[in-house]
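The values are calculated or read from the model by the stated rules, or taken from the named source; none is laboratory data. Source: prediction; values computed, not measured. Positions of Cβ are backbone-derived with ideal geometry, glycine not excepted, and every protein chain shown enters the neighbour counts.
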Amino acid sequence: AKDGYELWLDYQPISNPQLRNEVSSLFSGVYFFGQNPTFDIVKKELAISGLKLVNQDPVFRTERLNPTKLWLGTREQLSQVLGLQQQVEIQKLDEDGYWRGPIDFQGNTYYAIIGNKPVGVLYGVFDWLKSIQTETFNLKSEKSDYPKVKLRMLNHWDNLDRTVERGYAGFSIWDWHKLPGYIDPRYIEYARANASLGINAVSLTNVNANARILTTDFMKKAKVLADLFRPYGIKVFLTARFSAPMEIGGLKTADPLDPEVISFWKKKTDEMYSFIPDFGGFLVKANSEGQPGPHEYKRTHAEGANMLADALAPHGGILIWRAFVYSHEIDEDRHKQANLEFVPLDGKFRDNVIIQVKNGAIDFQPREPFHPLFGAVKNTNLGMEFQITQEYLGQATQLVYLAPMWKEVLDTKTYSPSSNSTVAGIVDGSDSNQKLTLMAGVSNIGTDRNWTGHLMAQSNWFAFGRLAWDPYLSSEEIASEWIKMTFGQKPDSNAKIKEIMLDSHEAAVNYMTPLGLHHIMGRSHHYGPGPWVEGGRADWTSLYYHRADSLGIGFDRTDSGSNALAQYAPEIANSWSDPTQIPEKYLLWFHHLPWDYRMKSGNTLWNEIALHYDQGVKSARKMKSTWDSLEGQIDPERFSHISQLLAIQVQEAEWWRNACLLYFQTFSNRPFPSEIEKPE
Ligand code: GCW
């Protein structure tokens, strides 16, 4: 049954006869120029794919010359058969890069897949298999590629008891209870899927961390996973709870400048490396949402982070410190807090520290302007944190393809450090010159048979991996790849699936939070509308964010309000301060405007809001009807799974529209435009 367990690695039989012949011939003579654990994995992948694609076991030869057809190895291993020029070209690719293409040698032509390191061979093989699945493989042409970002990382928010914070696909796949003795086969499938995208790092545990993960017993468990993942090129990171010295170390303080605390972390880190010699490092959430941190001891984020970074440095480890910090004491506008705390520390972090910044300043909203830290610091390594799990985007019930949302942020010009800089350029180092680069995605993976709850949410795991590899790919090409790899070569239905995916994010923004509205979801679960949520901590209420009153709606972040806009480069601050110049999709994020404010369309703001909500519902219905038109063209299991979920999505789009419009109408006191379906 097509239940989604195979992800995008469900190699469908090749029907194109020429392609089939070519691939079959390559599988008939495979030669590896060396041996190592990563090549063993490549062999396994060739065995799985050969059988499925061309119904043939690969033949592994011990002789490198004819009748061998497919050559695999590192640049160094192949040096005797490669021209000098070619070796230089391959060496120029990043250490994780690969080259594949035909090589003429002593009168014969071989197809070679070459990496600078064994993992590059693995990446090259996955790319080659993808080209077969997407029918773009050309035996005669060359292809080379390398990742633009160094650390391409999943962040699991998985607790040790297997619950998952903001997880909607079952329990955690890490069975800590049965580790280290029992190895769930799923660990391997997980590593394979990540390696197929080039993901090379995972943080296994929740950023709301439990100090027990740093005890010897748990290190032994984590070691098993690290050993399994190593040949796939994946490094393990763990979250470090800042108060661990008190909780598991018996100390009275966690002050980062205290010698006993320093020595606790040094010993813990050394112990970690005794189990996992290539341990990636720690990921830390500190002084945010009640998590412990250096501020308790009047120390800065830099003092906290550097202390841990120093413990990791002798082992080559990396310390990732999150910029998602907020507390009412710092500023009334939560939007400003990360910059207020981190900009003064620019240049004070060690070289092996990366500050991991969410894509926007509030919190993974359906649409956010980019985080103003990008461009505001010059001497600090910044990494991107995206959320793959759809906390604020219908969770695992709604189909929302997230690549367009991520691309919107990555492509935005920051105008700093230079006038051409973009967020992507800062993240990949091309505009920021930073060497240590990171893109992290908060995982949407769980024990559900299809991994992600909603089968279509697999595309978000996939898209994250692809963008971490290359932030300049387009949402559209990523969608095309994923659809072909997931549903096979069916041009008509694939075009429709792509249309659904590419429309889905704008649809969700329209029926949830159009025109810059944000954080108006139900309290704490963040599912469904809750613009009326009030009471308790101000920045956890909806009124704080939408500020609707009888005069108008929106959060004034210009200089007449919180002036968060001043945290952006002047080019942005100036144009976005003007409601007629700011892209209207961000309007109410930065401006409080009267209900009768005239939009570019000529409509009043109130009518425009209503039209957007209504458009969101219409788009959701269209997604559903387009999908339903595919009945009979998609296997019944996946057809029905997605069709049923889309039916819920339509209902929920109506729920969002009706709830928000009826609620906002109590302030606007205006009728709905006649074109829209009357909310009730
Ligand atoms: O998005 C919010 C979530 C919290 C999460 C926090 C964070 C891990 O609602 O569940 O906690 O962000 O990113 O730290």
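Across the stretch 638-651, what is the total count of residues that are over 17 Å from LYS618 (Cα atoms) and either loosely packed, with under 14 Cβ neighbours inside 10 Å or among the aromatic types (Phe, Trp, Tyr) (or both)?
The total comes to 3.
Which members of the stretch 554-593 meet the condition of being buried (at least 16 other Cβ atoms within 10 Å of the Cβ) and among the hydroxyl-bearing types (Ser, Thr, Tyr)?
Matches in the stretch 554-593: THR558, SER562, TYR568, SER577, TYR586.
Please go through the stretch 150-205 and give me each residue that is hydroxyl-bearing (Ser, Thr, Tyr) and in contact with a strand residue (DSSP E or B) (Cβ under 8 Å, 6 or more places away or on another chain), ordered by number.
Within the stretch 150-205, SER172, SER203, THR205 meet the criteria.
Which residue out of PRO314, PRO259 is more than 16 Å from the ligand (Cβ to nearest atom), within 21 Å of ALA201 (Cβ to Cβ), surrounded by fewer than 20 Cβ atoms within 10 Å (Cβ to Cβ) and without any contact (Cβ under 8 Å) to a residue 24 or more places away in the chain?
Of the residues listed, the single one that is more than 16 Å from the ligand (Cβ to nearest atom), within 21 Å of ALA201 (Cβ to Cβ), surrounded by fewer than 20 Cβ atoms within 10 Å (Cβ to Cβ) and without any contact (Cβ under 8 Å) to a residue 24 or more places away in the chain is PRO314.
Before we move on, is ASN155 within 16 Å of the ligand (Cβ to nearest atom), within 25 Å of THR486 (Cα to Cα) and buried (at least 21 other Cβ atoms within 10 Å of the Cβ)?
Yes.
Let me confirm something: among GLY4, GLY34, GLY73, GLY50, which residue is part of a loop (DSSP other than H, G, I, E, B) and either assigned by TED's automatic domain parsing to the domain that holds ILE234 or buried (at least 21 other Cβ atoms within 10 Å of the Cβ) (or both)?
GLY4
Only one of these conditions is not met by GLU481: (1) away from the ligand (no atom under 16 Å from the Cβ); (2) in contact (Cβ under 8 Å) with a residue 24 or more places away in the chain; (3) surrounded by 18 or more Cβ atoms within 10 Å (Cβ to Cβ); (4) under 20 Å from GLN398 (Cα atoms). Which number is it?
Unmet condition: (4).
Mind listing just one residue for me: the one in the stretch 63-98 that is over 40 Å from the mean Cα position of the chain (by Cα) and under 19 Å from GLU22 (Cβ atoms) and, of those, modelled with the lowest pLDDT?
ASN66
So in the stretch 518-553, with the set limited to residues that are away from the ligand (no atom under 16 Å from the Cβ) and crowded, with 19+ Cβ neighbours inside 10 Å, which one is nearest to the chain's Cα centre (by Cα)?
PRO529
Output the residues belonging to the stretch 99-142 that are within 28 Å of the chain's Cα centre (by Cα), in a strand (DSSP E or B) and over 23 Å from PRO17 (Cβ atoms).
Across the stretch 99-142, the qualifying residues are TRP99, ILE113, ILE114, GLY115.
Does ASP503 fit the bill of being in a helix (DSSP H, G or I) and either within 16 Å of the ligand (Cβ to nearest atom) or touching a Cys at 6+ places or on another chain (Cβ under 9 Å) (or both)?
no
With the stretch 528-638 as the region, which helices (runs of 4 or more DSSP H) entirely inside it contain at least 1 residues that are touching a Ser or Thr at 6+ places or on another chain (Cβ under 7 Å)?
The helices (runs of 4 or more DSSP H) meeting that bar are 570-577, 587-590, 605-628.
Search the stretch 447-468 for residues that are in contact (Cβ under 8 Å) with a residue 60 or more places away in the chain and pair each with any residue that is basic (Lys, Arg) when their beta-carbon atoms are under 7 Å apart and the residues are at least 6 apart or on different chains.
LEU455/ARG638; GLY465/ARG152; ALA468/ARG152
Out of all the residues in the stretch 165-175, which are crowded, with 21+ Cβ neighbours inside 10 Å, among the hydrophobic types (A, V, I, L, M, F, W, C) and farther than 14 Å from TYR190 by Cα?
Answer for the stretch 165-175, where residues must be crowded, with 21+ Cβ neighbours inside 10 Å, among the hydrophobic types (A, V, I, L, M, F, W, C) and farther than 14 Å from TYR190 by Cα: just ALA169.
Which of the numbered conditions does TRP321 fail, given that it passes all the others? Conditions: (1) outside any helix (DSSP H, G or I); (2) in contact with a helix residue (DSSP H, G or I) (Cβ under 8 Å, 6 or more places away or on another chain); (3) modelled with pLDDT of 95 or more; (4) away from the ligand (no atom under 16 Å from the Cβ).
Failing condition for TRP321: (4).
Within the stretch 283-305, can you find the residues that are free of Cβ contacts under 8 Å to residues at least 12 places away in the same chain and more than 25 Å from TRP540 (Cα to Cα)?
LYS298, the sole residue that qualifies.
Looking only at the stretch 265-291, filter to residues that are in a helix (DSSP H, G or I) and of a type in the set (D, E, K, R); which one of those is nearest to the ligand (Cβ to nearest atom)?
LYS268
Take the conditions over 21 Å from ASP428 (Cα atoms), surrounded by 22 or more Cβ atoms within 10 Å (Cβ to Cβ) and in contact with a helix residue (DSSP H, G or I) (Cβ under 7 Å, 6 or more places away or on another chain) and apply them to GLY375. Does it pass?
no
Go through the stretch 350-405 residue by residue and tally those that are aromatic (Phe, Trp, Tyr) and touching a strand residue (DSSP E or B) at 6+ places or on another chain (Cβ under 7 Å).
The total comes to 4.
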